[in-house]
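Asker: Please find one structure pasted underneath; my questions will follow.
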Amino acid sequence: MKPAAFRYHAPKTVDEAVAILARVAPEDGRVLAGGQSLVPTMAFRLAKPAHLVDINGVAALNRLTIADGKLVIGAGVRHAAFHKPACDGPLGALLADMVRHIAHYPIRNRGTFCGSLAHADPASEWCLVLAALDGEVLAKSARGERVIAARDFFKGIMTTALADDELLVEARLPLLPADAHCGFYEFNRRAGDFAMAMALGVYRLEAGKISAPRLAVGGAEVKPRRIAEAERALDGAAPGDAAFRAAAQAATAAIDPMEDNVTSAEFRRDLVLAVTRRALGRAAA
């Protein structure tokens, strides 16, 4: 099929983009970045925006840099930018590991980090990392700017705190200390498919014991989130199968799993048990 008719806008600056959005958002105006999620839904006429605001010509949105102890990722930065570490240390290595699980190479060359956040698919790897690391996003509209913390940004399946006239300008991830241990694991039926469950674990060691643990789960619930019960099971424990099993069991008990005609809640709980243990095992390795 072909998309319904729409009017095309190609701003060259962020200010021009938000000014256009202020005019067209009431008419279901949408932002086009990588288009890997929006364009297919338009082709099937599941989405029929009257206006497309193409931000690919906004050079300022290609920013990928470190500022104030955070990795700043502009709205034009592609997934492929993370094939090699985007920064030194554990965060760069973690993102380079996670990007390999995003769809397929052609999609990674076109899709964007911030577009994935704005789309808010529960199975998005980048949504998981933003939630796990308590990252934040910068949103801008003709009314001004605001910074939205990850815990406030994701509202549900493909639903965020962004207003219709707001442009997600950049995402910010805090840099991880050099001694941070990170592990990611996801389960999907075939390579490149959407994850049915995934987990990300991050912690440090003090005198051989886990400190400052972070454990987040994605793909299993309507939005990714840190699991406080699992983090309490890890805090102060010696890294190893006993602690990782306890944390995985705590995560399994804490989630409210999604169900569909293929995947039951019980099966998703089993997946969370497995991916959590394996993510933590990779962090230890």
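Asker: What are the residue pairs meeting all of these: first residue in region 167-178, first residue assigned by TED's automatic domain parsing to the domain that holds ILE148 and aromatic (Phe, Trp, Tyr), second residue in a loop (DSSP other than H, G, I, E, B) and surrounded by fewer than 24 Cβ atoms within 10 Å (Cβ to Cβ), Cβ atoms under 7 Å, and 6 or more apart or on different chains?
Answerer: Filtered contacts from region 167-178: no entries.
Asker: Which of the residues that make up region 58-82 are assigned to a helix (DSSP H, G or I) and either closer than 16 Å to GLU125 by Cα or out of contact with any strand residue (DSSP E or B) (no Cβ under 8 Å at 6 or more places or on another chain) (or both)? Talk me through it step by step, then tell me what you get.
Answerer: Of region 58-82, the ones assigned to a helix (DSSP H, G or I) are 59-62, 79-82.
Those that are assigned to a helix (DSSP H, G or I) and either closer than 16 Å to GLU125 by Cα or out of contact with any strand residue (DSSP E or B) (no Cβ under 8 Å at 6 or more places or on another chain) (or both): ALA59, HIS79, ALA80, ALA81, PHE82.
Asker: Looking at PRO85, PRO11, can you tell me which residue is at pLDDT 95 or above, touching a strand residue (DSSP E or B) at 6+ places or on another chain (Cβ under 8 Å), surrounded by 15 or more Cβ atoms within 10 Å (Cβ to Cβ) and part of a loop (DSSP other than H, G, I, E, B)?
Answerer: Testing whether each residue is at pLDDT 95 or above, touching a strand residue (DSSP E or B) at 6+ places or on another chain (Cβ under 8 Å), surrounded by 15 or more Cβ atoms within 10 Å (Cβ to Cβ) and part of a loop (DSSP other than H, G, I, E, B) leaves just PRO11.
Asker: Further question: Taking region 202-227, which residues are of a type outside the set (Val, Ile, Thr), touching a strand residue (DSSP E or B) at 6+ places or on another chain (Cβ under 9 Å) and under 27 Å from ASP260 (Cα atoms)?
Answerer: Within region 202-227, LEU215, ALA216, GLY218, GLY219, ALA220, LYS223, PRO224, ARG225, ARG226 meet the criteria.
Asker: Checking ILE210 against (1) over 17 Å from the mean Cα position of the chain (by Cα); (2) surrounded by 18 or more Cβ atoms within 10 Å (Cβ to Cβ); (3) assigned to a loop (DSSP other than H, G, I, E, B), which single condition isn't satisfied?
Answerer: Failed condition: (3).
Asker: Would you point out the residue of region 176-203, among those that are small (Gly, Ala, Ser) and closer than 13 Å to TRP126 by Cα, that is surrounded by the fewest Cβ atoms within 10 Å (Cβ to Cβ)?
Answerer: ALA195
Asker: Here is a further query. Pairs please, first residue from region 220-240 and closer than 12 Å to LEU200 by Cα, second anywhere and surrounded by fewer than 19 Cβ atoms within 10 Å (Cβ to Cβ), Cβ atoms under 6 Å, 6+ apart in sequence or on different chains.
Answerer: ILE227/ALA254
Residue-by-condition table, conditions (1) under 19 Å from PHE187 (Cα atoms); (2) assigned to a helix (DSSP H, G or I); (3) under 10 Å from the mean Cα position of the chain (by Cα); (4) of a type in the set (Phe, Trp, Tyr):
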{"site": "PRO106", "(1), (2), (3), (4)": "no, yes, no, no"}
{"site": "CYS114", "(1), (2), (3), (4)": "no, yes, yes, no"}
{"site": "LEU117", "(1), (2), (3), (4)": "no, yes, yes, no"}
{"site": "VAL129", "(1), (2), (3), (4)": "yes, yes, yes, no"}
{"site": "ARG146", "(1), (2), (3), (4)": "no, no, no, no"}
{"site": "ARG151", "(1), (2), (3), (4)": "no, yes, no, no"}
{"site": "LEU162", "(1), (2), (3), (4)": "no, no, no, no"}
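Asker: Return the pairs, sorted by first residue and then second, in which the second residue is modelled with pLDDT of 95 or more, the first residue lies in region 58-81 and is on the phi > 0 side of the Ramachandran plot, the beta carbons are less than 9 Å apart, and the residues are 6+ apart or on different chains.
Answerer: ASP68/ARG172; GLY69/PRO174; GLY69/LEU175
The values are calculated or read from the model by the stated rules, or taken from the named source; none is laboratory data. Note that the coordinates shown come from a computational prediction; the quantities given were computed from them, not determined experimentally. Cβ sites come from the backbone with ideal geometry, for glycine too, and all protein chains shown count toward neighbours.
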